Amino acid sequence: MTSQRTLSIIKPDAVKRNITGKIIQKFEDGGLSIIAQKRMLLTKEKAEAFYSVHKARPFYNDLVSFMTSGPVVVQVLEGDNAIQRNRDIMGATNPEEADSGTIRAEYALNIEANSVHGSDSEDNAVIEISFFFDPSEINA
Ligand code: CMP
């Protein structure tokens, strides 16, 4: 097994409902360690840049509005196969399709307010981690 790092965002819907601890428990129970973490309010420019791959999608403007509607908690998670492991712990993007026991099945409100984001590939994990964290902020 390979140790990997992945970028996680606990989204505004979850931070507002004060369930960051419940979500973190899922990561830790699933074998992931939090090696960096900070709470922030994303600017419109930062949210637009982070989701620029979705710029042409019909949900892009709403997604940017939602992601700037309140604080988020950004994290670097580390563990064996962390990228896929995190995706398994999160469940499907659409909570209606998420397996029971996953974060999105238990906590997500809808496909937009779906409580968490996680990197979807090794390349994107590297890009997304460096988008939010300086190497000096990551303590393995
Ligand atoms: P995330 O993993 O953060 O990546 C892009 C986000 O767009 C996704 O989670 C969803 O929260 C959001 N989104 C909103 N509407 C849709 C949609 N129709 N299809 C896919 N993603 C959507």
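The values are calculated or read from the model by the stated rules, or taken from the named source; none is laboratory data. Note that the structure is a prediction, hence the values are computed from the model and not measured. Every residue, glycine as well, gets a Cβ built from its backbone with ideal geometry; the counts of neighbours run over all protein chains shown. The accessibility values were calculated without ligands, DNA or RNA, using every heavy atom of the protein model including side chains. Shrake-Rupley method; radii C 1.70, N 1.55, O 1.52, S 1.80 Å.
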*Hits among lysines - C-alpha to C-alpha of Lys16 under 23 Å, sequence gap 8 or more where chains match*: Lys26, Lys38, Lys44, Lys46
_Solvent-accessible surface (1.4 angstrom probe) belonging to Lys44, in square angstrom, nearest 10_ = 120 Å²
*What is the chain's relative contact order, in percent, from Cα pairs under 8 angstrom and six or more apart in sequence?*
37 percent
*Other-chain or far-sequence residues with amide H under 5 Å of Gln4's (modelled H)*: Gly79, Asp80, Asn81, Ala82
*State to the nearest 20 debye the size of the charge dipole of the chain about its Cα centre, where the only charges are +1 on K and R beta carbons and -1 on D and E beta carbons.*
460 debye
*asked:* So if I place +1 on the C-beta of Lys and Arg and -1 on the C-beta of Asp and Glu, and nothing else carries charge, what would the dipole magnitude of region 11-73 be about its Cα centre? I want it in debye, nearest 20.
replied: 100 debye
*Using heavy-atom solvent-accessible surface (probe 1.4 Å) with all chains present, what is the largest-first order of Met1, Met40?*
Met1, Met40
*For every helix of n ≥ 4 consecutive DSSP H residues, a contribution of -39,500 (n - 2.57) applies; sum these over the chain, divide by its total residues, and give [θ] at 222 nm rounded to the nearest 500 deg cm²/dmol.*
-10500 deg cm²/dmol
*In nm, to one decimal, how far is the Thr93 label point from the Ala49 one, both placed 7 Å along Cα→Cβ?*
2.3 nm
*Identify which of Thr43, Thr20, Thr102 has the largest mean-square fluctuation in a Gaussian network model of the chain, with springs joining Cα atoms closer than 10 Å.*
Thr43
_Protein accessible area in the chain, 1.4 Å probe - carbon and sulfur %_ = 46 percent
*So between Ile35 and Ile138, what do we pick up on full extension, going 0.36 nm a residue minus the alpha carbon distance?*
36.5 nm
